[in-house]
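*Asks:* A single structure is presented below for examination.
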Amino acid sequence: MAFNLRNLSVLAYANGFTLWHYKAETKSDPAIPGFLDEAADMLTAGDLMMVSARDGATMLCVLPSIEGAVFTAPMG
């Protein structure tokens, strides 16, 4: 599934930190390199993203971006 900006929403924001939610086709989609690049201008290193999908849910941490590329890592 391709990234859809309408499926990304802010759950909480404070002191430069954002907690996001993304509704995905599969819980592993947002961890694919390049998947979130379209939202690079909104995501900041250290932000957390809750991902929900038909096959379950997961938490990701947004890593520092490199030239507009967004990377994430699973929590825990």
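*Asks:* Can you confirm whether Met59 is in contact (Cβ under 8 Å) with a residue 12 or more places away in the chain, among the hydrophobic types (A, V, I, L, M, F, W, C) and surrounded by fewer than 16 Cβ atoms within 10 Å (Cβ to Cβ)?
*Replies:* On the way: in contact (Cβ under 8 Å) with a residue 12 or more places away in the chain: yes; among the hydrophobic types (A, V, I, L, M, F, W, C): yes; surrounded by fewer than 16 Cβ atoms within 10 Å (Cβ to Cβ): yes.
Against the criterion (in contact (Cβ under 8 Å) with a residue 12 or more places away in the chain, among the hydrophobic types (A, V, I, L, M, F, W, C) and surrounded by fewer than 16 Cβ atoms within 10 Å (Cβ to Cβ)), Met59 qualifies.
*Asks:* Would you confirm, using the coordinates I've provided, whether Pro30 is assigned to a helix (DSSP H, G or I) and modelled with pLDDT under 95?
*Replies:* yes
*Asks:* Can you confirm whether Val70 is under 18 Å from Gly16 (Cβ atoms) and touching a helix residue (DSSP H, G or I) at 6+ places or on another chain (Cβ under 6 Å)?
*Replies:* yes
*Asks:* Quick one: Gly46 ticks every box in (1) small (Gly, Ala, Ser); (2) surrounded by fewer than 11 Cβ atoms within 10 Å (Cβ to Cβ); (3) modelled with pLDDT under 95; (4) in contact with a strand residue (DSSP E or B) (Cβ under 8 Å, 6 or more places away or on another chain) bar one, so which box is it?
*Replies:* Single failed check for Gly46: (2).
*Asks:* Also, I was wondering about something else. State all residues of the stretch 5-30 that are surrounded by 11 or more Cβ atoms within 10 Å (Cβ to Cβ), over 12 Å from Met49 (Cα atoms) and among the hydrophobic types (A, V, I, L, M, F, W, C); if no residue qualifies, say none.
*Replies:* none
The values are calculated or read from the model by the stated rules, or taken from the named source; none is laboratory data. Because the structure is a prediction, the values reported are computed rather than measured. In this analysis, Cβ positions are derived from the backbone assuming ideal geometry, glycine residues included, and neighbour counts consider all displayed protein chains.
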